[in-house]
Amino acid sequence: MIDYQGLKEKGQSLGLTYVVPLDCATIQILPEVRDMCAADKCHQYNANWAAPPACGTIEECEKRVRQYSRGLLVQTVGELEDSMDYEAMMETERIHKENFVKFDEYLSRLYPGRLSLGCGCCTRCETCTYPDAPCRFPQKLTSSMEAYGMLVTQVCQSNQLPYYYGENTIAYTSCYLLE
């Protein structure tokens, strides 16, 4: 049984703003979300082991997700000076990714078979070896929720976690599928 309260406290002590239970049955895998990756707005499509197509087909990703029934949704919410405050957006993303990794390392001892899905593509290495060489750290490779076909707003809404916190805020969301 997952100790949601204990995990919430640990995640928040590591700097995450919100840590809430995730009912994996609420996750919808949508090919159209995955198709957005092919537009390559993040410049990682076909360039990173954690991005499509290297992370697997949409069917393979869904098969991995369906192995789980429970997990955690985590968020970091940041404040912006205005809607164009790119610096604060990037700083909030950096903090979220850093804290996501710290919490993932903690969870690895409790749930070694977990599936951790972050926000944005894996950035553990300055330069990804894809496609010329194997991933340097395959056990630490983290795909994004979107790479797996998840519409983050839908996952949040289905699990009673807001996605939008009002004007001049930004939220970065990730998840861990545990059991």
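Ranking 2, 170 by Cβ neighbours within 10 Å, fewest first, what do you get?
2, 170
About its Cα centre, what dipole magnitude does the chain give when the only charges are +1 on Lys and Arg Cβ and -1 on Asp and Glu Cβ, stated in debye to the nearest 20?
On the way: 16 positive and 24 negative charges, 177 e Å.
Result for the chain is approximately 860 debye, rounded to the nearest 20.
Please report 90, 145 as a ranked list, fewest other C-beta atoms within 10 angstrom at the top and most at the bottom.
Ranked by crowding around the Cβ, least crowded first: 90, 145.
Taking only DSSP H segments of four or more residues, each worth -39500 (n - 2.57), what value at 222 nm results for the chain once the sum is divided by all its residues, to the nearest 500 deg cm²/dmol? Each step should come with its number before you reach the end.
On the way: 5 runs with 57 residues, N = 179.
After summing the helix terms and dividing by residue count, I get -9500 deg cm²/dmol.
For the chain: lysine pairs with Cα atoms under 27 Å, gap of 8 or more or different chains, count?
Qualifying lysine pairs in the chain: 14.
Can you pull the semi-axes for the range 75-161, root of five times each eigenvalue of the Cα gyration tensor, sorted largest first, whole Å?
On the way: eigenvalues 114, 67, 38 Å².
Equivalent ellipsoid semi-axes, largest first: 24, 18, 14 Å.
Under the Karplus relation 6.51 cos²θ - 1.76 cosθ + 1.60, θ = phi - 60°, what is the ordered set of whole-Hz ³J(HN,Hα) values for the range 50-55, x standing for Gly and Pro?
8, 9, x, x, 5, 6
Within a 10 angstrom radius of the beta carbon, how do 79, 146 rank from fewest other beta carbons to most?
Fewest-to-most Cβ neighbours within 10 Å comes out as 79, 146.
Using the basic label-point model (7 angstrom from Cα toward the beta carbon), what is the residue 169 to residue 95 distance in nanometres?
Placing both labels 7 Å along Cα→Cβ, they lie 1.4 nm apart.
Could you state the number of Å between the C-alpha centres of the range 144-179 and the range 1-53?
7 Å
From the alpha carbon gyration tensor of the chain, can you work out the equivalent ellipsoid semi-axes (sqrt of 5 times each eigenvalue) and give them in Å, largest to smallest?
23, 21, 17
Please identify every one of the GluC sites (Glu not before Pro) in the range 83-135 that sits in a loop by DSSP and has no more than 12 other beta carbons within 10 Å of its own beta carbon.
126
FYI, it's all coordinate maths here, none of it is from the lab. None of these values were measured; they are calculated from a predicted model. Reconstructed Cβ throughout: ideal geometry from the backbone, glycine too, with neighbour counts over all protein chains shown.
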